[in-house]
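Take a look at the structure set out below.
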Amino acid sequence: MNSLPPPVPSGFEQIFGTNTGFNLLTGPFYMKVEGDVAIVAFRIEQQHLNPAGSCHGAALSVLADNLGAPIKRMMGLPDVAITPTINLSLDYIAPAKAGDWVELHASLLRRTKTLFFCQGLMYVDGQITPAPTSPT
């Protein structure tokens, strides 16, 4: 019997444009804004996994690359405004697995006339790192 995936958490909406092109292969991605924090998120599915069964780092980087959508919302820019990624740097500190809900919470560090600079942390099911497992 196939079970339905867990629902998207309350307050998230699908990011404009993530149902086209490359994002059809990597998403769907969701967003929300909480005060001065921009959040992008997705649920890890089979297509996001590497051969070891963990979320592929490239899938997490694509999530981060979609951060422009909630930042534009925070800045009052239209969804269709072009916000190319100039630089993206990630440090992976813990794995995520199929079914996990991954969120990137980012804050705006600086905004110029044509660019904005952000930093953030990714959470897996609300945690920065998974809970330790007890030895069996």
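Couple of notes before you dig in:
- Available extension along the chain between Thr85 and Glu13 is 23.8 nm, counting 0.36 nm per residue and deducting the alpha carbon span.
- Per residue, the chain reaches -4000 deg cm²/dmol at 222 nm when only DSSP H runs of four or more residues are counted, each adding -39500 (n - 2.57).
- If the chain linking Leu108 and Ala58 were pulled fully straight, counting 0.36 nm for each residue of separation and taking away their Cα-Cα distance, it would gain 15.7 nm.
- Where N is the number of residues in the range 1-76, Cα Rg divided by 2.2 N^0.38 Å: 1.16
- For Lys32, a cut-off of 12 angstrom between C-alpha atoms picks up these aspartates and glutamates, skipping any fewer than 8 places away in its own chain: Glu13, Glu103.
- Separation in nanometres of the label points that stand 7 Å from Cα toward Cβ, at Ala94 and Asp65: 2.6 nm
- Remark: the range 88-104, residue by residue, has Karplus-estimated 3J(HN,Hα) of 9, 10, 10, 10, 9, 10, 7, x, 10, 10, 3, x, 5, 9, 10, 10, 10 Hz, where x stands for each Gly or Pro and the curve is 6.51 cos²θ - 1.76 cosθ + 1.60 at θ = phi - 60°.
- Apportionment of accessible area to carbon and sulfur, the chain, percent (1.4 Å): 57 percent
- Kirkwood Rh, angstrom, the chain [1 / mean 1/r, Cα pairs]: 15.7 Å
- Mean separation of Cα contacts under 8 Å (6+ apart) over length of the chain, as relative contact order %: 22 percent
- To the nearest 10, the accessible area of Asp65 is 80 Å² with a 1.4 Å probe.
- Taking all protein chains as shown and a probe of 1.4 angstrom, Arg110 keeps an accessible surface of around 140 Å².
- Label-point separation, Val37 to Gln119 (7 Å along Cα→Cβ), nm: 1.6 nm
- Per residue, the chain exposes 65 Å² of accessible surface when a 1.4 Å probe is rolled over the protein heavy atoms with every protein chain present.
- Counting only protein chain heavy atoms and rolling a 1.4 Å probe, the accessible areas of Thr112, Thr20, Thr26 rank, largest first, as Thr20, Thr112, Thr26.
- Accessible area per residue was computed with a 1.4 Å probe on protein heavy atoms; Glu45 scores about 70 Å².
- Residue ranking by accessible heavy-atom surface, 1.4 Å probe, largest first, among Lys72, Lys97, Lys32 comes out as Lys97, Lys32, Lys72.
- Solvent-accessible ranking of Cys118, Cys55, largest area first, probe 1.4 Å: Cys118, Cys55
The values are calculated or read from the model by the stated rules, or taken from the named source; none is laboratory data. All figures in this text were calculated on a predicted structure; none of them were measured in a lab. Every residue, glycine as well, gets a Cβ built from its backbone with ideal geometry; the counts of neighbours run over all protein chains shown. Just the protein is used for accessible areas: all its heavy atoms, side chains included, with ligands, DNA and RNA removed. Shrake-Rupley method; radii C 1.70, N 1.55, O 1.52, S 1.80 Å.
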